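> After the structure tokens below, expect a handful of questions from me.
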Amino acid sequence: MKKLLPLLSLFWLCLLGELWAAPLRLSYSVVGPTVAGIWMAHETGLFKKHGLDVQLVYIPSSGTNIQALLGGSLDLSAPGISGVVLAAARGAPVLTIGAMTNRPPMTLYVQPEITRTDQLKGQTLGITRFNSTAHTVTTLILRKLGLTQLATMRPLGGTPEIQAAFEQKQIAGMVTSVKPRAAARALLNAADLDIPFAMNVMALTREFFQKNPDTVERVMKAYIEAVGAMNHDKETTLKVLAKYFKRNDPTFLAETYGIVTQFTEKIPRVDARNVATVLEFEPVKGVDAETLTPKVIDNSVVDKLVKEGFVEKVFGKSVR
């Protein structure tokens with residue numbers, strides 16, 4: 001029995017070592033430029049630099065990401081703000097601690113023969129899923145254009161599926177941050193419509209945040225450094241974009257890089273106005289934006305990193 005004790009101790013130490021070494025499960029909800037900072041952190045070893053073993057997972061649709069987060073399949077997620085706000089409004093213990101963007105760098109692309117917005121009457125636009133970021137931004141654009149009841153939205157799954165449907169002319173248009181491969185006309189840009197809407201945010205459950213504050217801070221440090229790297233190292237960024245988009249077209253990559261550097265927040269605070277935007281689009285009975293905002297948005301980690309000079313160290317004194 002005495003001989004077995006050292007072996008049993010070794011067994012338990014190995015088992016505990018495996019548990020401690022379990023990877024951090026981080027998902028993203030779209031193959032688009034708004035999550036490029038997460039890809040960059042993963043591909044350039046910045047997560048590892050901060051002591052994190054990150055397992056990166058692509059799960060289409062913000063709602064599906066939130067379900068996986070609440071179900072314990074994920075530790076953190078980068079869904080659209082709408083999924084986080086609506087889940088929190090219905091009582092889910094989920095919140096966001098950072099925003100990749102606070103304006104939607106999404107363009108309404110239509111078939112080449114469509115030259116005016118009024119030609120969308122009776123037409124179908126592709127979205128990922130209902131209550132997704134694509135659905136929300138498309139709806140907000142149609143509202144601005146006065147076409148809410150005059151155009152149809154068709155859920156197709158994910159960005160690749162929407163792109164394929166557009167190429168096959170199954171839909172008249174789509175609101176996306178990814179320029180189509182097929183011939184298309186860029187009818188308008190959502191960012192020009194002054195809609196405060198975070199395309200992707202860093203989300204997690206309250207329990208995970210409370211139990212792992214150091215891990216959460218290291219994730220945000222790695223992400224902020226990755227955004228800095230994207231702004232300073234174009235060549236590496238283009239390689240990362242080509243890998244995740246599975247496209248090597250230089251024009252496409254250059255345009256996507258421009259979106260990444262223009263719209264990705266250097267100081268990833270979540271704009272409080274996002275909550276009102278989401279609730280205006282999809283009201284939840286008994287819930288108002290003023291009450292919900294402090295429950296669903298927590299900028300304390302980002303504010304701490306700004307106060308300590310970490311963000312300035314990455315971007316310089318000119319960062320705002």
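The values are calculated or read from the model by the stated rules, or taken from the named source; none is laboratory data. Bear in mind that the values here come from a model prediction, so they are computed numbers and not experimental data. Positions of Cβ are generated from backbone atoms using ideal geometry, with glycine treated the same way; all protein chains shown enter the neighbour counts.
> Name, by its number, the condition in (1) in contact with a Lys or Arg (Cβ under 6 Å, 6 or more places away or on another chain); (2) more than 30 Å from Ile171 (Cβ to Cβ); (3) part of a strand (DSSP E or B) that does not hold for Gly126.
(2)
> So, of the residues in region 189-200 that are part of a helix (DSSP H, G or I) and out of contact with any strand residue (DSSP E or B) (no Cβ under 8 Å at 6 or more places or on another chain), which turns out to be nearest to Ser73 (Cα to Cα)?
Of all residues in region 189-200, those part of a helix (DSSP H, G or I) come to 190-193.
Pick out the ones that are also out of contact with any strand residue (DSSP E or B) (no Cβ under 8 Å at 6 or more places or on another chain) and you get 191-193.
Values: Ala191: 33, Asp192: 37, Leu193: 36 Å.
The residue in question is Ala191.
> Filter region 304-320 down to the residues that are of a type in the set (Val, Ile, Thr) and at pLDDT below 90 and list them by number.
First pass over region 304-320, keeping only residues of a type in the set (Val, Ile, Thr): 306, 311, 314, 319.
Answer for region 304-320, where residues must be of a type in the set (Val, Ile, Thr) and at pLDDT below 90: just Val319.
Residues checked against (1) in contact with a Pro (Cβ under 6 Å, 6 or more places away or on another chain); (2) crowded, with 24+ Cβ neighbours inside 10 Å; (3) among the hydroxyl-bearing types (Ser, Thr, Tyr):
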residue	(1), (2), (3)
Val31	no, no, no
Ala36	no, yes, no
Met40	no, yes, no
Gln55	yes, no, no
Ser73	no, no, yes
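> Take the residues in region 272-292 that are under 19 Å from the mean Cα position of the chain (by Cα) and among the polar types (S, T, N, Q); name whichever of them is nearest to Met100 (Cα to Cα).
Asn274
> To continue, here is another question. Would you check which residues across region 232-260 are under 22 Å from Gly98 (Cα atoms) and surrounded by fewer than 16 Cβ atoms within 10 Å (Cβ to Cβ) and list them?
Answer for region 232-260, where residues must be under 22 Å from Gly98 (Cα atoms) and surrounded by fewer than 16 Cβ atoms within 10 Å (Cβ to Cβ): His232, Gly258.
> Then there is this: Condition check: within 28 Å of Tyr58 (Cα to Cα), touching a residue at least 60 places away in the same chain (Cβ under 8 Å) and surrounded by fewer than 21 Cβ atoms within 10 Å (Cβ to Cβ). Does Gly173 satisfy that? Steps first, answer last, please.
Details: within 28 Å of Tyr58 (Cα to Cα): yes; touching a residue at least 60 places away in the same chain (Cβ under 8 Å): yes; surrounded by fewer than 21 Cβ atoms within 10 Å (Cβ to Cβ): no.
No, not satisfied.
> Name the residue that is modelled with the highest pLDDT, counting only residues in region 248-264 that are part of a loop (DSSP other than H, G, I, E, B) and farther than 15 Å from Thr236 by Cα. Write out each step before concluding.
Step one: of region 248-264, the residues part of a loop (DSSP other than H, G, I, E, B) are 248-249, 264.
Subsequent filtering for residues that are farther than 15 Å from Thr236 by Cα retains 249, 264.
Numbers: Asp249: 93, Thr264: 96.
Checked region 248-264; the qualifying residue modelled with the highest pLDDT is Thr264.
> Given (1) over 24 Å from Arg25 (Cα atoms); (2) modelled with pLDDT under 95; (3) not in a loop (DSSP other than H, G, I, E, B), identify the lone condition not met by Thr64.
(1)
> Pick from Ala203, Ala186: which is in the same structural domain as Ala41 (by TED's automatic domain parsing), touching a strand residue (DSSP E or B) at 6+ places or on another chain (Cβ under 8 Å) and not in a helix (DSSP H, G or I)? Spell out how you get there, then give the answer.
On the way: Ala186 fails: in the same structural domain as Ala41 (by TED's automatic domain parsing).
Just one listed residue meets the conditions, Ala203.
> Looking at (1) without any contact (Cβ under 8 Å) to a residue 60 or more places away in the chain; (2) closer than 27 Å to Glu255 by Cα; (3) not acidic (Asp, Glu), which is the one condition that is false for Arg185?
(1)
> Take region 116-151 and flag every residue that is modelled with pLDDT under 95, surrounded by fewer than 16 Cβ atoms within 10 Å (Cβ to Cβ) and on the phi > 0 side of the Ramachandran plot.
The answer is Gly146, and nothing else.
> Identify, please: which residue in region 209-246 is touching a Ser or Thr at 6+ places or on another chain (Cβ under 9 Å), without any contact (Cβ under 8 Å) to a residue 24 or more places away in the chain and not acidic (Asp, Glu) and is, among those, farthest from Gly32 (Cα to Cα)?
The qualifying residue farthest from Gly32 (Cα to Cα) is Lys234.
> Under the condition of being assigned to a loop (DSSP other than H, G, I, E, B) and of a type in the set (A, V, I, L, M), which residue from region 265-320 is surrounded by the fewest Cβ atoms within 10 Å (Cβ to Cβ)? Quick ask: steps written out before the conclusion?
Our first condition is that a residue be assigned to a loop (DSSP other than H, G, I, E, B); within region 265-320, this holds for 265-272, 282-288, 298-299, 308-309, 316-320.
Next, only the ones that are of a type in the set (A, V, I, L, M) stay: 267, 270, 272, 284, 287, 319.
Working: Ile267: 18, Val270: 26, Ala272: 16, Val284: 15, Val287: 17, Val319: 13.
Filtering region 265-320 for residues that are assigned to a loop (DSSP other than H, G, I, E, B) and of a type in the set (A, V, I, L, M), the one surrounded by the fewest Cβ atoms within 10 Å (Cβ to Cβ) comes out as Val319.
> Looking at region 52-79, which of its residues are among the small types (Gly, Ala, Ser) and closer than 15 Å to Leu204 by Cβ?
Residues of region 52-79 that are among the small types (Gly, Ala, Ser), as a first pass: 61-63, 68, 71-73, 77-78.
Within region 52-79, Ser62, Ala68, Gly71, Gly72, Ser73, Ser77, Ala78 meet the criteria.
> Could you check, for region 223-235, whether at least one of its residues is outside any helix (DSSP H, G or I) and at pLDDT 95 or above? Quick ask: steps written out before the conclusion?
Within region 223-235, the first condition is being outside any helix (DSSP H, G or I), and the residues that meet it are 233.
Then drop every residue that is not at pLDDT 95 or above, which leaves 233.
Scanning region 223-235, I find at least one residue that is outside any helix (DSSP H, G or I) and at pLDDT 95 or above, so the answer is yes.
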